[in-house]
Amino acid sequence: MPPDHSPTPPPLAGVKVINMIPATLSGETNQDSEPFLAIHPTDPQRMAASAFTPNPGGQSSTTAPIFVSLDGGQTWTLNNIVPSPVQTVDITHAFDAGTGSFFGGVLRSSDGSYLQLVSTDFASPVLMTTQASRGDDDQPFVRATTVGPSNRIYIGSNDFSQFAGTGHTATVDVSTNGGANYSQVRVEFRNSANMTACGFSGSQDGPSIRPSIAKDKTIYAAFFGWRTFPCNTGLVSSDVVVVRDDNGASGANAFQDLRDSGDNQVGQRVVQGVTIP
């Protein structure tokens, strides 16, 4: 092959890479997996991030940290305000679109409990408040907005409390009153993959259930509807499914406003039969 003499493209203007680990912790060797970033909707200088980062206080710590930036990401500090010993397992978070209340969904490291959290000031040292909790859940993913005087929170997760049977595990927890109350909404309406042959007790969807809020406050959620799970090959057959709610998911039949063009079931199968290792 002849040598490539094409000119080297110039660097992109305005792109800066920043190491979020505070300089005082530059010797840390933990595997900071699954990073996540939230930006204040009206003040982009205020940013919060997270990962599987341990509290610098060590194994006796009763709280886990988030990363905080008040200058648009130029500098970062750790703020140990998450009620999980040393570190969290899964963690995501979001600001509302009003005052900037900060909502979190985490799996507590000590027992795997799923906590729904809130802080009125993510940069303060005050511990986040636990608004609701339950066990046997996976991968909470938080979105929030403000409608009139109320904050609305949508947390997608894979809830195993109904693991048996048809396995409608894809779930969105909905609060229309700032997290004072949450309701569980199952967004899977088809049968999911039976995993009893793999040593599990029933059926389930894929772990990632992702809500999204449009500018007009229409609520969507996308998830992997697992259809087969052959243990001998490890190749999952999955549908990519999108559901929608036109009224903030506040009614009795939440997330049922989008029906599939093929089988007329709730949830459009954007792609069917995707093979995922």
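Starting from the Cα gyration tensor of the chain, take the square roots of the eigenvalues, sort them a ≥ b ≥ c, and report rounded, prolate or oblate (rounded when a/c is under 1.5, otherwise prolate if a/b is larger than b/c, else oblate). Before the final figure, lay out each step's value.
On the way: a/c = 1.45, a/b = 1.25, b/c = 1.16.
Since a/c stays below 1.5, the shape of the chain is classed as rounded.
Considering only PRO56, ALA38, SER113, the residue lying farthest towards the positive end of the dipole of the chain is ALA38, judged by Cα position with unit charges set on Cβ. Arranged from fewest to most other beta-carbon atoms within 10 Å of their beta carbon, THR169, THR196 become THR196, THR169. Cβ crowding within 10 Å ranks TYR114, TYR154, TYR220 as TYR220, TYR114, TYR154, fewest other Cβ atoms first.
Here's the picture: charge each Lys and Arg Cβ at +1 and each Asp and Glu Cβ at -1 in the stretch 84-221, and of ASN181, THR218, SER203 the one pushed furthest to the positive end of that dipole is THR218. Normalised Debye scattering of the stretch 191-277 at q = 0.12, 0.15, 0.26 Å⁻¹ gives log10 I(q)/I(0) of -0.41, -0.61, -1.23, counting only Cα atoms as equal scatterers and leaving out solvent.
Under the convention that each Lys and Arg Cβ holds +1 and each Asp and Glu Cβ holds -1, the size of the dipole of the stretch 92-199 around its Cα centre is about 180 debye.
Based on the Cβ-Cβ distance from ASN247 to ARG134, what FRET efficiency comes out when R0 is 22 Å, to the nearest 0.05? Intermediate results must be reported in sequence, preceding the final value.
Values: r = 25 Å, r/R0 = 1.15.
Using R0 = 22 Å, I get an efficiency of 0.30.
Rounded to the nearest 20 debye, what is the charge dipole size of the chain about its Cα centre when +1 sits on each Lys and Arg Cβ and -1 on each Asp and Glu Cβ?
Working: 15 positive and 24 negative charges, 55 e Å.
Computed about the Cα centre, the dipole is about 260 debye.
Orientation-averaged projection of the stretch 7-96 equals 7.7 nm² [convex hull of Cα atoms, one quarter of hull surface area].
Convex hull volume per residue, computed on the Cα atoms of the stretch 129-264, equals 113 Å³.
Note on HIS93, HIS40: ascending count of other Cβ atoms within 10 Å places them as HIS40, HIS93, the fewest first.
Using unit Cβ charges (K, R positive; D, E negative) and no other charged atoms, how large, in debye to the nearest 20, is the dipole of the stretch 165-252 about its Cα centre? Write out the running numbers ahead of the final one.
On the way: 7 positive and 7 negative charges, 15 e Å.
The calculated dipole for the stretch 165-252 is roughly 80 debye.
Legend: calculated FRET efficiency, GLN265 to HIS5, from the Cβ-Cβ distance at R0 = 41 Å, rounded to 0.05, equals 0.15. Rounded, prolate or oblate for the stretch 1-150? Axes are the square roots of the Cα gyration tensor eigenvalues, ordered a ≥ b ≥ c, and the cut-off for rounded is a/c under 1.5. Prolate is the answer for the stretch 1-150, as a/c is 1.5 or above and a/b outweighs b/c.
Laboratory data are not the source of any read-out in this text; all were calculated from the coordinates shown. Just so it is clear, the structure is predicted and the values come from calculations on it, not from any experiment. Cβ: placed from backbone, ideal geometry, glycine included. Neighbour counts: every protein chain shown.
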